[in-house]
Structure formats: structure tokens, C-alpha cells
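**Student:** If you scroll down you'll find the structure; I have some questions about it.
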Amino acid sequence: MQKSSGLERASYIYTNRLQVARELKMQGEKFGGYLCCYVPVEMLSAAGYVPFRIIGDMNEPITNADAYLPSVMCPFYRSCLDLGLKGKYDFLDGLVSPHACDAAERVGLVWRSYFKYPFTFYLDIPHTVHASALVFFKQQLAHLRKGLEEYTGLKITDNDLKKQIKLFNRQRELVRQLYHLRKVEPPPVSGTEVLQLAVSLMGLPVQEGNLLAEEVIKEVKTRKMKPSKMKGRVLVWGCLIDNTAITSLIEDCGLEVVMDDTAIGSRTFGHDVELTEDPLDGLALRYLEKIVCPRTFRETGKNRANDLENRFSYLRKIVKDWHIDGIYMNLIRNCDIHGYEVPEVRYFFEEIGMPVLVIEQDYSTAALAPLRTRFQAFAESIEANR
Amino acid sequence: MEEKKKKRSSAKTLQTAREAGYFGKKMLANTRMAVDEGRPVAWAMVEWWLGATIAKAMGVELVFPENYGAFCAASRTAEPNLDYSESDGFPSTLCGYARNCLGYARKLKENNFVIPAESTGGGMPKPDFLLACGAACDARYKWFQALGRYMDVPVWLLEFPQTGSKEYFLPGNKEENISYMVEELRAFVSFLEDLLGRKMNWDGLEERLDILFKTHELAYKVDLMRRTVPSPAVCTDFWALMIPHLYLPDDLEALAFYQRVYDEVKYKVDNKIGAIPNEKYRMMFSELPPWHTLGFFDEVAERHGVAFVFESWNYHVPPPLLEDEKKGITDPLELIARYSYHKFHHAAPAAKEYEIDPILFTAPYLEYVRDYQVDGLMFHPLMSCRPATYTLMHVRNLMLERFKVPSLVIEGDIVDLRVFNEEEALAKFDAFIETMDYHRELRKKEGLHW
Ligand code: SF4
Ligand code: SF4
């Protein structure tokens, strides 16, 4: 691997993550592939795998997947399988797929019908956060643990899990520090740089990832910042962004991405696992209840006002703490989970005085160009109202 | 031209199928009557008999917006609702039934919750709560949550765990799934008791369950009889007949009706009367049909002697629960949980045998194709229902690979009639006949039994 450090290294790993994984594999690492932010990486790591988040590639036209998945499916997950079919994930030693949303569920299951990895597990995830859902989810985690033990022949003790929890909590904490550094104006680190780090971390052994994150923070803290020429600070809400083509486009149009509520970002790094006596309790709580993705149903209460407050009040706090000027709602076409949420979230943001831009995009860099004018217009309007 | 227009809705081959639409209208009328009489009403998702019977046992009348969507589509009145929901910011890629309902709900709200006069089938009245479901499809709860925009009513989500084929056989896993479902059902009963201010009528629930199982047993026997050559009923019959067993299985009138369905089908089997004259090809359809153009199936029967002998796994009743599984169960909630879980996982052994996933929408077809001696499949990828579309390509691959049964893919939609090109579909069909002939020979050579 290239001997760089900090942001430069994060950028290198982001760009070459498959190659980096293959190099690590040659050095003896095993890779446990997983989909979405709902798979407890601690568990994979405790079993001796480097947890490797499977993502798509917006630069790669989807071709092979056409014979397996329909075009009305979310193109992000179609892209994931497409890369799998093209052999790009051939270094994986196993796959854990969650019932996060329909697309995550089906693609994981279709995937393992064709690729017979030595170890696979389908993790069912309840839709509610009722007490019984937590009990059930904990049982699911116990099955995952047992499956990993049986396959690897290793015993995963509570202490092993606790050790991993601490390591990943440290990682999450470091990423959150970076997020906090972006509360100031001008932010010393860009949305693009944070995304590069986030993607890198999701393919490295945890300790190596933590060292990288520490280097990045150190570097960012000592950066000399010039006053920003940016037109406004935005929060990105919605479907995941795994490619800097989008953050760069937004930044090129004069907007600073200072915070996100997406699955490769604050939903992944936002909350720690509590160190409970039985580590599965902490894991169940964190992965089921604390991650706030609209895929999880929260009680509506008796009326709409209650419901909106239950579901979205955390966004009000983000807007305030990060001094947000506008919201970009990122919707990948055919993502039902976010699609149904759009009118209400939009309403909520508008009620608290936020200008909102909603874009339904096709998860393809080739299709990004026409969006430029929309981001430019949005930047102008934000600047005018600042 | 007139002739063509008429043909778009299907003639249906069973007398009972021609009568089944009554049950859809009955549901709508019952809910409106309930509102007039001050009784509680809910809108419910199709939830595979998990919660509707419980709610009904507590005196709630239910109507199913998915069914209403199909109704509006079949009568070609969905478009204005779709446009209305889109103008409120819902993406046009969302489920057609959902957009129809969201548009309808917005109109209802704007009319102070008085049903607009022009509403299809007399319209759905404002509910006291919404009964969402976690099975098979995200729209089944996200859509109802989104209705909060128009209605200040609570949503209850009926949880429905989904198990992978390998995981189904993990020691303890199935029982944990069932216990979880039972706990969730208990919470649902408490929710209802709080909301309605009355106690659960447990005896009433048991009576209803008894009727449900009887109706379903008949429906299952009808399915089995459809294995006969020539097939006594076809898909267009089923799509009408499914209304009573899917939505009203615990209704005595539905049970009596299903006895008649059974008798009619049995008569045809005993007398070797096929649903279509001169059955030459036996096909299967997956998953949801073009409601607006069902006459298409009459047309291919007429042109090519194609009988659609089975279809739409999702809407069929499962095989009955084994006696062993029912033994000793005294809690009706457990019985309900077991049965619903079984609906989604009854094909787990087939999934294991063929080492495939998922169980839902996929594995059952592996059994059907053999049992119903299928020559070809018609897949109908939908623009707006992803769950019924996700696995079609996958099943197509499996069918060809494992059974040498070819598939025909014709795109369309449940609601949006603009995306279904009937002429093109018929032309594709004409060409497909040869493919089926070819594969018939291939199967023979490989020693497959049909
Ligand atoms: S919708 Fe939620 S669950 Fe599905 S991929 Fe996106 S973040 Fe994951
Ligand atoms: S998307 Fe399909 S399965 Fe889901 S609610 Fe709509 S029609 Fe039903």
C-alpha cells in the first residue's frame, strides 16, 4: 500500500479500496462482506474478518445485473450485485446481509443464491423498536455469533465482543469529532474529505482505520483555513452517498456539505454501542434502536404533530448545531423507504425555515451533469437569503 | 374498436368468479355503514391474516386500500389520484396502489372527510386507525406512515419477520420468530383495547379463526384441483376469487361462497371440463396482473390455447398447518402467528433442496412448476410494485436452469395502464409459443415428467 498518511491516505484508499483489500488479503486478512449500516461489524471483526461494506460504483454502467435484478429496483443495490457478478468482490470470504430495506434484503438473498461463500448469514431486523423486537433482534445476533463460531472454529467470548465494541466506538467517536469540527465557519474539512475517510474505514481492519482517523483529525486540526467563499452550509438528508462525485458537485456549486443524515455517514458513525454486561444487549440496542433510518417504524402517537416530532426532532438540533442554511434531500430513484418520507421531511424542514432541494437521482455519474444547474440555483437562493 | 375495449376486462370462466366482485363492494359498503352507525373503521394492508381477524373480533370494520387500488385500476379511475399524490411531492416511482390511496386521502381531507361523490365504488371512509404490515414490502408501512400527512390517526405496524432459507432451519430460530410475532400481537391487542376502550372478545376471535381455517381449506383444495389437466380454472378466475379468501376469510358468507367455488371446480374436474376449450399450453403467471387489461388473458387463450393454471404465490393460501404444529396450542394469537409465518415460509424445504433464496416470491414457484406441469411462465415486471418484481429475473433463471421451463417477460403495471402495450405483448406471446414447444422436447430428453 502507498505510504501516505492522513487525508491523502484516506483519499488513496477511497479510490483504490478493492485493490487495498486484495493486498491485505495477500497478507493474510479475511474479509466479511456486508450490506448497509445494520450489520454489527463488531461481530465480524471478533470472528477474525475485516468487515467490508459492499457499495456500488456510480462510474460503472450496470450491465451484468440486468439478468438478475429488474430495472425498477434501486440502482445502488443493482450496482452492488453488478460489481459482484463482475468479480470485483471476489476477495470476500463471507457475506452478512440484513433485512434493512426490501432492496437490501432481496439483493443479499439473491446474491447468495449464486455465490456460495463459505459463510453467509441473513440477519432479520425487526421494523419496530418494541421491547419484544429487541429481544428478537438479540436472538438473531446470537445466531449470527454462533454461526460465525461454528464456521471459524473460534469461540467469540463476551470479552472479545467488548474489545471490538470499544475499538469501533473509538472509530465512531473519531468520525464524530470530524463532524464536530465542521460546526465552525469555515469548516476545516470538506464533505468530500469526510466521505473519503468514511468509505475507507469501512474496508480496513478496525485498528488500522482508527490510526487513519486519528491522523486525519490531527491534520485537519492544524490546517490553516482562509475565509470561505462558499454560499451556504448544507445538510444532506436521505439515501446514502458513496461517491465523491456528488459531494464534489455540490461543493463546486458553492455549497459546503457540513453534515449528513445518510447511511454512509452519521447513521453509521453517529452512535456508540453501550458497554452492557451482556454485549449483545448493547449491540441490539444500538443497531436496532439508535440508528435512525426511516426503515425503522417509530410509534406515530395520536396525531400528525406527535408523529413528526417523534420522527424528525433530531433534525432540528442538527440544523441548529451545524448552522445549516439549506437542505439537500438526496433520493436514489426507486428507494421506497426514503421516497415515502420526502413530503413529510420536506414539510418539517420548511416549517423550521430551511430551504430545501429534493433531487431524485439515478446513481450514475454519467447522469449527474444536468443536476449542476439545480445545485447552482439552489446555492444562489441560499446565498440571497443568508 | 368497441369490440377491443370490451375485451379488456376478462370474461372469467367460473360462474363463482363472476360473482366474487361482490365481496369487494361489500367491504366498502360495510365500512361506510359502520361509520354511519358510529362503529370503528380501519384501513388495513394485506397482512396475511395476522391482524384483520383480531381487529374484526373487536368490532372494527376493515377496508384494504391495496384492493381499492386494484378496483380503481380495473375501472380505470386511478389516474387523477396518482396525479394528486405526485403533486404533493410523492415520487412517481412509488407503488401505484399507494399513490392512488395518497391522492384519495388528500381529496378526502380537502372535503372535510366527507367521501367525495365521484369516488370509485362509493369510496373509503375516514379510518380510526391504520393497520400497516411489515411483510414482504416496505410500502406496506411507509405508505401508511405517509398518510399521517392527511389524517390524524395512529398507525399500528403488524410485525412480520422474514427468515432466510438456511436460517429457517437453525435450531430454535423458527420458534423465536413465532414467539416474537405472538408478543407483537399481544401488543396489538393492547393497542386496540386502549384505542377502542373495550376488551378483546376472545370467544369471538376463536369463532372467526374457525371460519377462516375452513374457508382456507376450501381455497387450498381448489388450488390442488387446478393441477388437473385440463385446468378447471385460470388466473382471471383466481384474481376475482382471491378477494373473499384474502380479505374476508372469517366471514360466514365468504365460507359459504367458497363451498360453491369448490363445488363448481370439482364438477369441472370430475367431468374433465377445462376452463378454456382446447388447452394446449399450461402457463404460470407472476406476480401481480395488469388489472386494467385482464382481457389479455382471454385473448391468448383464444389464440393459442394457453391456460394460466397457476399464478401469484403471494395471494394464495398456504398448505394447511400440520396437525403436529397445531397440537396443544390454546392461545389463538399463537395460532395466528404460526399460520402467517407458515404462509411466508412454507416453501423453506424447497428453498433448501435447491439451495436458493429467498423463500418468499421464489421458492414456491419451484414446487408449482412441477406440480402444475407448467410449460412456460409469464413474468410481469411492474413499474410501481417492486416487491412483486424484485425476484422475477431470478425465478426466470432458476426455472430455465433447473426445469428447462422458459419465461416470457412483459412489462406493465398494476395501475398505470400507459406502460402496458397490449399489441406488443401479444406479438411477444405469439413468438413465445415456439419456445415452449422447443423446451417441451428438451424436458422430455432430460427425463422431466412433463
Ligand atoms: S433505505 Fe435505509 S436500510 Fe435501505 S439502504 Fe438505505 S439506509 Fe440502508
Ligand atoms: S408495492 Fe406492491 S406489494 Fe407493496 S403495497 Fe404496493 S402493490 Fe402491494
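The values are calculated or read from the model by the stated rules, or taken from the named source; none is laboratory data. The structure displayed is predicted, hence computed values, not measured ones. Positions of Cβ are backbone-derived with ideal geometry, glycine not excepted, and every protein chain shown enters the neighbour counts.
**Student:** Filter segment B:204-231 down to residues that are not charged (D, E, K, R) and not in a helix (DSSP H, G or I) and give me whichever is surrounded by the most Cβ atoms within 10 Å (Cβ to Cβ).
**Tutor:** First pass over segment B:204-231, keeping only residues not charged (D, E, K, R): B:204-205, B:209, B:211-213, B:215-216, B:218-220, B:222, B:224-225, B:228-231.
Now restrict to residues that are not in a helix (DSSP H, G or I): B:228-231.
Details: B:T228: 18, B:V229: 14, B:P230: 19, B:S231: 27.
Restricting to residues being not charged (D, E, K, R) and not in a helix (DSSP H, G or I), the top hit is B:S231.
**Student:** Before we move on, is B:D138 of a type outside the set (S, T, Y), at negative phi and within 16 Å of ligand 1 (Cβ to nearest atom)? Give the derivation first.
**Tutor:** Details: of a type outside the set (S, T, Y): yes; at negative phi: yes; within 16 Å of ligand 1 (Cβ to nearest atom): yes.
Against the criterion (of a type outside the set (S, T, Y), at negative phi and within 16 Å of ligand 1 (Cβ to nearest atom)), B:D138 qualifies.
**Student:** Let me ask another. What is the one condition in (1) within 21 Å of the chain's Cα centre (by Cα); (2) closer than 18 Å to A:V345 by Cα; (3) among the charged types (D, E, K, R); (4) more than 16 Å from ligand 1 (Cβ to nearest atom) that A:D325 does not satisfy?
**Tutor:** Of (1) within 21 Å of the chain's Cα centre (by Cα); (2) closer than 18 Å to A:V345 by Cα; (3) among the charged types (D, E, K, R); (4) more than 16 Å from ligand 1 (Cβ to nearest atom), only one is false for A:D325: (1).
**Student:** Right, here's the next one. Report the residue count in segment B:359-376 for those that are in contact with a Lys or Arg (Cβ under 7 Å, 6 or more places away or on another chain) and outside any helix (DSSP H, G or I).
**Tutor:** Adding up the residues that qualify gives 4.
**Student:** Okay, moving on. Just to verify a result, which residue in segment A:314-350, among those that are assigned to a loop (DSSP other than H, G, I, E, B) and within 16 Å of ligand 2 (Cβ to nearest atom), is farthest from the other protein chains (Cβ to nearest Cβ)? Spell out how you get there, then give the answer.
**Tutor:** Step one: filter segment A:314-350 for residues assigned to a loop (DSSP other than H, G, I, E, B), giving A:322-325, A:333-335, A:340-341.
Keeping just the survivors that are within 16 Å of ligand 2 (Cβ to nearest atom) gives A:333-335, A:340-341.
Details: A:R333: 6, A:N334: 5, A:C335: 9, A:Y340: 4, A:E341: 7 Å.
Here the answer is A:C335.
**Student:** I'm trying to understand the selection: among the residues of segment A:336-379, which are of a type outside the set (A, V, I, L, M, F, W, C), more than 24 Å from B:C385 (Cβ to Cβ) and out of contact with any Gly (no Cβ under 8 Å at 6 or more places or on another chain)?
**Tutor:** Matches in segment A:336-379: A:Y347, A:E350, A:E351, A:G353, A:T365, A:P370, A:R372, A:T373, A:R374.
**Student:** State whether the residues of segment A:80-100 include one that is within 13 Å of chain B (Cβ to nearest Cβ), within 16 Å of ligand 2 (Cβ to nearest atom) and modelled with pLDDT of 95 or more.
**Tutor:** yes
**Student:** Which one is surrounded by the most Cβ atoms within 10 Å (Cβ to Cβ) among residues in segment B:86-129 that are at the interface with chain A (Cβ under 10 Å from one of its Cβ atoms) and polar (S, T, N, Q)?
**Tutor:** Looking only at segment B:86-129, we keep the residues that are at the interface with chain A (Cβ under 10 Å from one of its Cβ atoms), and these are B:88-95, B:98, B:102, B:129.
Then keep just the ones that are polar (S, T, N, Q); that gives B:92-93.
Numbers: B:S92: 16, B:T93: 18.
Across segment B:86-129, the extreme among qualifying residues is B:T93.
**Student:** Among A:L144, A:L148, which is in a helix (DSSP H, G or I) and within 11 Å of chain B (Cβ to nearest Cβ)? Before the answer, list the steps.
**Tutor:** Details: A:L148 fails: within 11 Å of chain B (Cβ to nearest Cβ).
Result of the check over A:L144, A:L148: A:L144.
**Student:** Check segment A:275-298 and report whether any residue there is free of Cβ contacts under 8 Å to residues at least 60 places away in the same chain and farther than 27 Å from A:Q140 by Cβ.
**Tutor:** no
**Student:** If B:I356 meets every condition in (1) outside any loop (DSSP other than H, G, I, E, B); (2) in contact (Cβ under 8 Å) with a residue 60 or more places away in the chain apart from one, which number is that one?
**Tutor:** (1)
**Student:** Any residue that is touching a Ser or Thr at 6+ places or on another chain (Cβ under 8 Å) and β-branched (V, I, T) - is there at least one of those in segment B:164-181?
**Tutor:** Checked segment B:164-181: no residue is touching a Ser or Thr at 6+ places or on another chain (Cβ under 8 Å) and β-branched (V, I, T).
**Student:** Here's another thing I want to ask about it. Output the residue which, of all residues in segment A:53-79 that are closer than 23 Å to A:Y340 by Cα and of a type in the set (S, T, Y), is nearest to the other protein chains (Cβ to nearest Cβ).
**Tutor:** Ranking the candidates gives A:S71 first.
**Student:** Would it be correct to say that A:L134 is more than 9 Å from chain B (Cβ to nearest Cβ) and assigned to a helix (DSSP H, G or I)? Spell out how you get there, then give the answer.
**Tutor:** Working: more than 9 Å from chain B (Cβ to nearest Cβ): yes; assigned to a helix (DSSP H, G or I): yes.
Against the criterion (more than 9 Å from chain B (Cβ to nearest Cβ) and assigned to a helix (DSSP H, G or I)), A:L134 qualifies.
**Student:** Something else: Please list, ordered by first then second residue, the pairs with beta carbon atoms under 9 Å, 6 or more apart or interchain, first in segment B:9-20 and under 15 Å from B:R260 (Cβ atoms), second of a type in the set (D, E, K, R) and in a loop (DSSP other than H, G, I, E, B).
**Tutor:** Between residues of segment B:9-20 that are under 15 Å from B:R260 (Cβ atoms) and residues that are of a type in the set (D, E, K, R) and in a loop (DSSP other than H, G, I, E, B), the close pairs are B:R18/B:K12; B:A20/B:K12.
**Student:** So which residues in segment B:349-367 are of a type in the set (S, T, Y) and either at the interface with chain A (Cβ under 9 Å from one of its Cβ atoms) or surrounded by fewer than 23 Cβ atoms within 10 Å (Cβ to Cβ) (or both)?
**Tutor:** Residues of segment B:349-367 of a type in the set (S, T, Y): B:354, B:362, B:365.
Scanning segment B:349-367 gives B:Y354, B:T362.
**Student:** Residue under question is A:E105, and the condition is that it be of a type in the set (D, E), within 25 Å of A:S266 (Cβ to Cβ) and either within 16 Å of ligand 1 (Cβ to nearest atom) or assigned to a loop (DSSP other than H, G, I, E, B) (or both); does it hold? Write out each step before concluding.
**Tutor:** On the way: of a type in the set (D, E): yes; within 25 Å of A:S266 (Cβ to Cβ): yes; either within 16 Å of ligand 1 (Cβ to nearest atom) or assigned to a loop (DSSP other than H, G, I, E, B) (or both): yes.
Taking the combined requirement at face value, the residue satisfies it.
**Student:** Just one of B:R140, B:R106 is out of contact with any helix residue (DSSP H, G or I) (no Cβ under 7 Å at 6 or more places or on another chain) and not small (G, A, S); which is it?
**Tutor:** Numbers: B:R106 fails: out of contact with any helix residue (DSSP H, G or I) (no Cβ under 7 Å at 6 or more places or on another chain).
Just one listed residue meets the conditions, B:R140.
**Student:** Further, regarding this structure: When you check A:R311 against the structure, is it closer than 22 Å to B:A139 by Cα, in a loop (DSSP other than H, G, I, E, B) and in contact with a Lys or Arg (Cβ under 7 Å, 6 or more places away or on another chain), yes or no? Lay out the reasoning, then the answer.
**Tutor:** Working: closer than 22 Å to B:A139 by Cα: yes; in a loop (DSSP other than H, G, I, E, B): no; in contact with a Lys or Arg (Cβ under 7 Å, 6 or more places away or on another chain): yes.
So A:R311 does not fit the description; no.
**Student:** Need pairs with beta-carbon distance below 6 Å; first residue closer than 23 Å to A:P370 by Cα and within segment A:252-264, second assigned to a strand (DSSP E or B) and away from ligand 1 (no atom under 16 Å from the Cβ); sequence gap 6+ or separate chains.
**Tutor:** What qualifies is A:L255/A:G232; A:L255/A:V234; A:E256/A:R233; A:V257/A:V234.
**Student:** Next question, about the same structure. How many residues, within segment B:135-190, are farther than 30 Å from B:V114 by Cβ, of a type in the set (F, W, Y), in a loop (DSSP other than H, G, I, E, B) and at the interface with another protein chain (Cβ under 9 Å from one of its Cβ atoms)?
**Tutor:** 1
**Student:** Checking A:G56 against (1) farther than 13 Å from A:G203 by Cα; (2) out of contact with any Ser or Thr (no Cβ under 6 Å at 6 or more places or on another chain); (3) part of a loop (DSSP other than H, G, I, E, B), which single condition isn't satisfied?
**Tutor:** For A:G56, the failing item is (2).
**Student:** Output the number of the condition that A:L95 fails; it satisfies all remaining conditions of (1) closer than 25 Å to A:E360 by Cβ; (2) within 16 Å of ligand 1 (Cβ to nearest atom); (3) not polar (S, T, N, Q).
**Tutor:** Condition not satisfied by A:L95: (1).
**Student:** If the requirement is being more than 16 Å from ligand 1 (Cβ to nearest atom) and modelled with pLDDT of 95 or more, which of these qualifies: B:D324, B:D357? Give the steps one after another, and end with the answer.
**Tutor:** Values: B:D324 fails: modelled with pLDDT of 95 or more.
From the options B:D324, B:D357, the qualifying one is B:D357.
**Student:** How about segment A:293-307: which of its residues are at the interface with chain B (Cβ under 7 Å from one of its Cβ atoms) and acidic (D, E)?
**Tutor:** The one that is at the interface with chain B (Cβ under 7 Å from one of its Cβ atoms) and acidic (D, E): A:D307.
**Student:** Among the residues of segment B:374-388, is there at least one that is within 23 Å of the chain's Cα centre (by Cα) and either without any contact (Cβ under 8 Å) to a residue 40 or more places away in the chain or surrounded by fewer than 17 Cβ atoms within 10 Å (Cβ to Cβ) (or both)?
**Tutor:** The answer is yes, given that some residue of segment B:374-388 is within 23 Å of the chain's Cα centre (by Cα) and either without any contact (Cβ under 8 Å) to a residue 40 or more places away in the chain or surrounded by fewer than 17 Cβ atoms within 10 Å (Cβ to Cβ) (or both).
**Student:** Here's something else I'd like to know. State all residues of segment B:389-437 that are away from chain A (no Cβ under 14 Å), outside any loop (DSSP other than H, G, I, E, B) and touching a residue at least 24 places away in the same chain (Cβ under 8 Å); if no residue qualifies, say none.
**Tutor:** Answer for segment B:389-437, where residues must be away from chain A (no Cβ under 14 Å), outside any loop (DSSP other than H, G, I, E, B) and touching a residue at least 24 places away in the same chain (Cβ under 8 Å): B:F403, B:L408, B:L417, B:E422, B:A425, B:L426, B:F429, B:D430, B:F432, B:I433, B:T435, B:M436.
**Student:** Would it be correct to say that A:T373 is polar (S, T, N, Q) and assigned to a loop (DSSP other than H, G, I, E, B)?
**Tutor:** On the way: polar (S, T, N, Q): yes; assigned to a loop (DSSP other than H, G, I, E, B): no.
When the stated conditions are applied, A:T373 does not pass them.
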